[in-house]
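Some notes on the structure that comes next.
The values are calculated or read from the model by the stated rules, or taken from the named source; none is laboratory data. This structure is a prediction, so every number in the text was calculated from the model and none was measured. Please note: Cβ atoms are built from the backbone with ideal geometry, for glycine as well, and neighbour counts cover all protein chains shown. Heads up: the accessible areas ignore ligands, DNA and RNA and are worked out on the full protein's heavy atoms, side chains in. Shrake-Rupley method; radii C 1.70, N 1.55, O 1.52, S 1.80 Å.
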Amino acid sequence: MLELAGPPVAEAVYEELKAKLTHLPYVPHLRVVRVGEDPASVSYVRLKDRQARKIGLSSQVDVFPEDTSEATLLEHIARLNADDGVDGILVQFPTPKQIRQQAVLEAIDPAKDVDGLTPVSAGRLWSGQEALESCTPAGIMRLLRHYSITVAGKEVVIVNRSNLVGKPLAAMMLRENATVTIAHSRTRNMAEVTRRAEILVTAVGRAGFITPEMVRPGAVVIDVSVNRVGRNEQGRDILVGDCAPEVARVASALTPVPGGVGPMTVAMLLFNTVKAAMRRRGESGTVPITTGSPVE
Ligand code: NAP
């Protein structure tokens, strides 16, 4: 069984980006906005900010208190949209309940939408136009390409229909000529559906959801989920995906959790930041059109 490790692929993306940055006469600037102190969000934001600086981007985190109103956040986004020094804007979700995710996404200038989640970015992706692409699915495509796993003509089943993962991934898989099925909580005969997959992507958020019986022998399995199932002796979270451990005996290739898709998500965010900076300066002819290809 081939382990589809994310860190070496993320590292390859960072090397490409660092090489690209040395040739740019400016330093792209990423602005990450966090509202409240949700511990997972605090750690994700820190990770993104640190990694951005590590490869030579300029990055700043704007932190707002938990009780921030939607109007206040939208005003801040409007300022970032208007600020010519800002290339990429990312608002970390989930936001507190008084702030609607959709309102936030609609407020972000699509040209600076480095998370690839605004309705304009989603629409451009689905209609086959060049776009800033949703980071987790883009990371999955890049991971597959790195490990020479072809998608064209294959049966791909994605168990997830969120705007964050399942829908944009389906668009990318279609673009690369896969036959795509999206499954979800209302899907009947789930095991029958997942067993069809030559490439099975799961992002349900339930440990042990995918059992070996649900996997076609020799399938490639991409486990996107990050489930906290307890703490170890050092007090650290124990993280697992959706796949039962025995899935490794049936699959031909599998992403580990942690250390699979997760690192790719951050890498693609920084990829998008460089891409957005170049596009904003009218360098669109020199940025990649396909997901996860090197920044040329
Ligand atoms: P989400 O919006 O809650 O989506 C979960 C999906 O699973 C939904 O489509 C849901 O179906 C489906 N589902 C839930 N229970 C099911 C069941 N019993 N049978 C079949 N389908 C079921 O979550 P998300 O934001 O897409 O994230 C999904 C997972 O991916 C989470 O564990 C998250 O932590 C992880 N994630 C990881 C990364 C990374 O970088 N590694 C990035 C993003 C997300 P319905 O639509 O019918 O409810």
Inset, instruction - Return one whole number: the accessible area per residue of the chain in Å², for a 1.4 Å probe. - result: 45
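Show me 159-172, 234-247 ranked by packing, highest mean number of other Cβ atoms within 10 Å first. Each step should come with its number before you reach the end.
On the way: 159-172: 21.0, 234-247: 16.1.
Packing order, densest peptide first, comes out as 159-172, 234-247.
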Inset, instruction - Can you grab the distance from the C-alpha centre of the range 23-92 to the C-alpha centre of the range 189-239, Å, no decimals? - result: 31
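If you take the square roots of the eigenvalues of the alpha-carbon gyration tensor of the range 1-140 and sort them as a ≥ b ≥ c, do you get rounded (a/c under 1.5), prolate (a/b over b/c) or oblate? Don't jump to the answer; show the numbers that get you there.
On the way: a/c = 1.42, a/b = 1.40, b/c = 1.01.
Rounded, because the longest to shortest axis ratio a/c is under 1.5.
Given a Förster distance of 25 angstrom, what is the FRET efficiency for THR187 paired with VAL229, based on the Cβ-Cβ distance and rounded to 0.05?
Details: r = 24 Å, r/R0 = 0.97.
That pair, THR187 with VAL229, gives E of 0.55.
Nearest 5 percent is fine: what portion of the DSSP beta bridges confined to the chain is antiparallel?
Values: 3 of 33 bridges.
The antiparallel proportion sits near 10 percent.
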Legend entry - Those lysines that a straight Cα-Cα span of less than 19 Å connects to LYS154, excepting residues fewer than 8 apart in one chain: LYS167
Inset, instruction - Give the cross-link partners of LYS112 among the aspartates and glutamates, using a straight C-alpha distance below 12 Å as the criterion and excluding same-chain residues fewer than 8 apart. - result: ASP83, ASP84, ASP87, GLU133
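Which shape class applies to the range 1-61: rounded if a/c is under 1.5, otherwise prolate when a/b exceeds b/c and oblate if not, where a ≥ b ≥ c are the square roots of the Cα gyration tensor eigenvalues? Numbers along the way, then the final one.
Values: a/c = 3.90, a/b = 1.07, b/c = 3.63.
Because a/c hits 1.5 or more and a/b fails to exceed b/c, the range 1-61 counts as oblate.
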Legend entry - Environment charge of ARG195, counting only residues whose C-beta is closer than 12 Å and scoring Lys/Arg +1, Asp/Glu -1: -2
Inset, instruction - Could you go through the range 128-138 in sequence order and give the Karplus-derived ³J(HN,Hα) for each residue, using 6.51 cos²θ - 1.76 cosθ + 1.60 with θ = phi - 60°, rounded to whole Hz, and x for Gly and Pro? - result: x, 9, 5, 8, 7, 9, 3, 5, 5, x, 4
Inset, instruction - Grab the DSSP H runs of the chain that are 4 residues or longer, score each as -39,500 (n - 2.57), total them, divide by all residues and round the 222 nm result to the nearest 500 deg cm²/dmol. - result: -11500 deg cm²/dmol
Legend entry - 5 angstrom amide H check on SER59, placed H, neighbours 5+ away: LEU30
Inset, instruction - List every residue whose amide H lies under 5 Å from the amide H of VAL91, counting only residues 5 or more places away in sequence or on a different chain, with H placed 1.01 Å from N in the peptide plane. - result: VAL33
Inset, instruction - Give the angle, between 0 and 90 degrees and rounded to the nearest 10, that separates the Cα long axis of helix 261-280 from the longest principal axis of the Cα atoms of the chain. - result: 40
Legend entry - Highest to lowest packing among 180-188, 121-129, 6-14, 105-113, scored as the average C-beta count within 10 Å: 105-113, 6-14, 121-129, 180-188
